[in-house]
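Notes follow the structure.
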Protein chains: 2
Amino acid sequence: MVFHALGDPTRRQIVDQLSHGPASVSELAAPLPMSLPAVVQHLRVLQDCGLVESEKVGRVRTCRVRPVTMRKAERWIEERRTEWERRLDRLDEYLAEQSDK
Amino acid sequence: MVFHALGDPTRRQIVDQLSHGPASVSELAAPLPMSLPAVVQHLRVLQDCGLVESEKVGRVRTCRVRPVTMRKAERWIEERRTEWERRLDRLDEYLAEQSDK
DNA sequence: GTCACACTTAAGTCAGTGCTTAAGTATTCG
DNA sequence: CGAATACTTAAGCACTGACTTAAGTGTGAC
């Protein structure tokens, strides 16, 4: 799941770095204080939920972000937030109507 | 952290239910296949990250969603997504320019 | 061919998470 | 007051998640 993937600070950092452009596995690993296999495991989580995609050319795997999946995650939150806000608006309307009487 | 909180399916269900209106702890627990203390623990996570707030009146605690925090989470993803998309646009522009020459 | 590079796979460790049950506290109702 | 309600706290336990190291595999450069 997308939110589970974004729940880890390392994975957010990877997404952050990838938002500035594609990168190889070792480029992504460079700034991170952990072993390369650990980074590969994080990348796997990000790919499994569709936040990141990658292709291997020769011996280097290049990763990039998938905006479609990010958009879906945004929407999930947005829908619940706006639902709540619409409810509040209806409530305000109702209260205003009542005080007019 | 917000994304960690949303990473759990039970907590997403709670947020979902709360988006339709405030609810008490036992109302939130009713549809969930687990004990009430388990639900309280989930609520604690949701409150600690600011996604939910609650107040106790008498012996019933009423919970509601905090749209401000939801908006922040949306933005985090949105910023990375748009950053990536802007990068792609600039690249397109550059390529178009090159092919004109 | 051989060496270095860029991963990849596998196995194991250890802390954190998501539950449980059992017992408590505070409030309301009769 | 006594019982029922609505949580609350605490302890324990199984499982998952985030690492590690060690040993592969496939590619490119010389």
(request) Scan the stretch B:92-101 and give yes if some residue there is within 8 Å of chain A (Cβ to nearest Cβ) and of a type outside the set (Gly, Ala, Ser), otherwise no. (result) no
(message) Against the condition part of a helix (DSSP H, G or I), under 26 Å from residue B:83 (Cβ atoms) and within 16 Å of DNA strand D (Cβ to nearest atom), how does residue A:68 come out, does it pass?
(response) no
(request) Output the qualifying pairs, or none if there are none: Cβ atoms under 6 angstrom, residues six or more apart or on different chains, first residue in the stretch B:65-83 and within 7 Å of chain A (Cβ to nearest Cβ), second residue among the basic types (Lys, Arg). (result) B:67/A:81; B:70/A:81
(request) Taking the residues in the stretch A:33-50 that are surrounded by 15 or more Cβ atoms within 10 Å (Cβ to Cβ) and within 7 Å of DNA strand D (Cβ to nearest atom) as candidates, determine which candidate is nearest to residue A:16 (Cα to Cα). (result) A:42
(message) Looking at residue B:10 and the list (1) closer than 24 Å to residue A:4 by Cβ; (2) within 7 Å of chain A (Cβ to nearest Cβ), which single condition is not satisfied?
(response) (2)
(message) So for the stretch A:69-81 (the condition being over 11 Å from the mean Cα position of the chain (by Cα), β-branched (Val, Ile, Thr) and closer than 30 Å to residue B:64 by Cβ), does at least one residue qualify?
(response) yes
(message) I need a count of the residues in the stretch A:13-41 that are within 12 Å of DNA strand C (Cβ to nearest atom) and either of a type in the set (A, V, I, L, M) or within 14 Å of another protein chain (Cβ to nearest Cβ) (or both).
(response) 11
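Read-outs throughout are calculated quantities, based only on the coordinates presented, and are distinct from any laboratory measurement. Owing to the predicted nature of the structure, the values given are computational and were not obtained by experimental measurement. Here the Cβ is made from the backbone with ideal geometry for all residues, glycine too, and neighbour counts use every protein chain on show.
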